[in-house]
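Let me begin by presenting the structure, written as structure tokens, before commenting on it.
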């Protein structure tokens, strides 16, 4: 008798066709962390490789958007900015919103954009959307530097704003924006494997959602009959808290931030579960 045949075989990795719906493979994600960093580098390099201005687009986009918002909503429509300098008010909202919207829109096409890779080699599929969230964090960091530089400039000009204690919650706000964009994006990308039309609605829908969030106006300026509806948008509490933390103005309460946190936790878990279920068979339908 061959004694080797009686020995129990041990494998470093076992790929199974059927696993539990709640087997989220977080240990595999940590094991493949080097791959995640490689995807982050790939996203950063490939996006700006053939552009003339390169990473300067990190600054150009929020600057021009802020100028347009200031002219249209501040000077023409004369919408209140709670006494804050218009450039600071709009740049704060744009900086926070851009990170969330980028995470959402780019995650929402993960299956479609990476079908060839997913069909050829194994790795935890959640690595791909996570790499998008991390790579967008670099862009967010650059735009945050621009925002802080504008704060310093207006501070020397004697503008009426101040940093509050809520700045300590800044890491929490960034995490909430990232997870909310990730969760919603995972749900949408799972649905687009069968319903392709959704991919055409995402960019348009995100743009409309921005107007339902306090990016271009403070919550205090919203009509009373619509205020409760706007508060139901979970990004409203995050953006208001972001402005309150950095500029000292905004509708910031424990309830509003708590609601955003609960919504984010629920939508992220649902998104990961749906993504985990869809990635088993999406190659057959993509």
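The values are calculated or read from the model by the stated rules, or taken from the named source; none is laboratory data. Keep in mind that this is a model prediction, so the values were computed, not measured. Cβ coordinates were reconstructed from backbone atoms using ideal geometry, including for glycine residues, and neighbour counts include every protein chain displayed.
Here are a few things to note about the model shown:
- Search result, residues across region 179-202 that are at pLDDT below 90, surrounded by 13 or more Cβ atoms within 10 Å (Cβ to Cβ) and over 15 Å from residue 274 (Cβ atoms): 199, 201, 202
- Residue within region 96-104 that is free of Cβ contacts under 8 Å to residues at least 40 places away in the same chain and either outside any loop (DSSP other than H, G, I, E, B) or more than 18 Å from the chain's Cα centre (by Cα) (or both) present: no
- Of all residues making up region 220-243, the number that are surrounded by 21 or more Cβ atoms within 10 Å (Cβ to Cβ) and closer than 19 Å to residue 83 by Cβ: 5
Listed here are the residues, each with its yes/no results for (1) over 21 Å from residue 139 (Cβ atoms); (2) assigned to a helix (DSSP H, G or I).
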{"position": "161", "(1), (2)": "yes, no"}
{"position": "169", "(1), (2)": "yes, yes"}
{"position": "182", "(1), (2)": "no, yes"}
{"position": "194", "(1), (2)": "yes, no"}
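- The C-beta contact set for region 199-227 (first residue over 21 Å from residue 253 (Cα atoms), second residue outside any helix (DSSP H, G or I) and modelled with pLDDT under 90, distance under 8 angstrom, 6+ apart or interchain) comprises 199/108; 199/109; 199/192; 202/108; 202/109.
- Scanning region 83-90 for residues that are at pLDDT 90 or above, surrounded by fewer than 19 Cβ atoms within 10 Å (Cβ to Cβ), within 25 Å of residue 208 (Cα to Cα) and touching a helix residue (DSSP H, G or I) at 6+ places or on another chain (Cβ under 8 Å) turns up at least one hit.
Residues are listed down the side, and each one gets a yes or a no for (1) at pLDDT below 90; (2) outside any helix (DSSP H, G or I); (3) over 19 Å from residue 172 (Cα atoms); (4) under 22 Å from the mean Cα position of the chain (by Cα):
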site: 209; (1), (2), (3), (4): no, no, yes, yes
site: 216; (1), (2), (3), (4): no, yes, yes, yes
site: 220; (1), (2), (3), (4): yes, no, yes, no
site: 225; (1), (2), (3), (4): yes, no, yes, no
site: 230; (1), (2), (3), (4): no, no, yes, yes
site: 235; (1), (2), (3), (4): no, no, no, yes
site: 239; (1), (2), (3), (4): no, no, no, yes
site: 243; (1), (2), (3), (4): no, no, no, yes
site: 246; (1), (2), (3), (4): no, no, no, yes
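- Residue under evaluation residue 151, criteria (1) outside any loop (DSSP other than H, G, I, E, B); (2) farther than 30 Å from residue 202 by Cα; (3) free of Cβ contacts under 8 Å to residues at least 40 places away in the same chain, criterion not met: (3)
- All conditions in (1) buried (at least 16 other Cβ atoms within 10 Å of the Cβ); (2) in a helix (DSSP H, G or I) hold for residue 117, with the sole exception of (1).
- Among the residues of region 237-254, those identified as under 19 Å from residue 180 (Cβ atoms) and either touching a strand residue (DSSP E or B) at 6+ places or on another chain (Cβ under 9 Å) or touching a residue at least 60 places away in the same chain (Cβ under 8 Å) (or both) are 238, 239, 241, 242, 243, 244, 245, 250, 252.
- The sole residue among 100, 39 that is over 30 Å from residue 233 (Cα atoms), buried (at least 16 other Cβ atoms within 10 Å of the Cβ) and at pLDDT 65 or above is 39.
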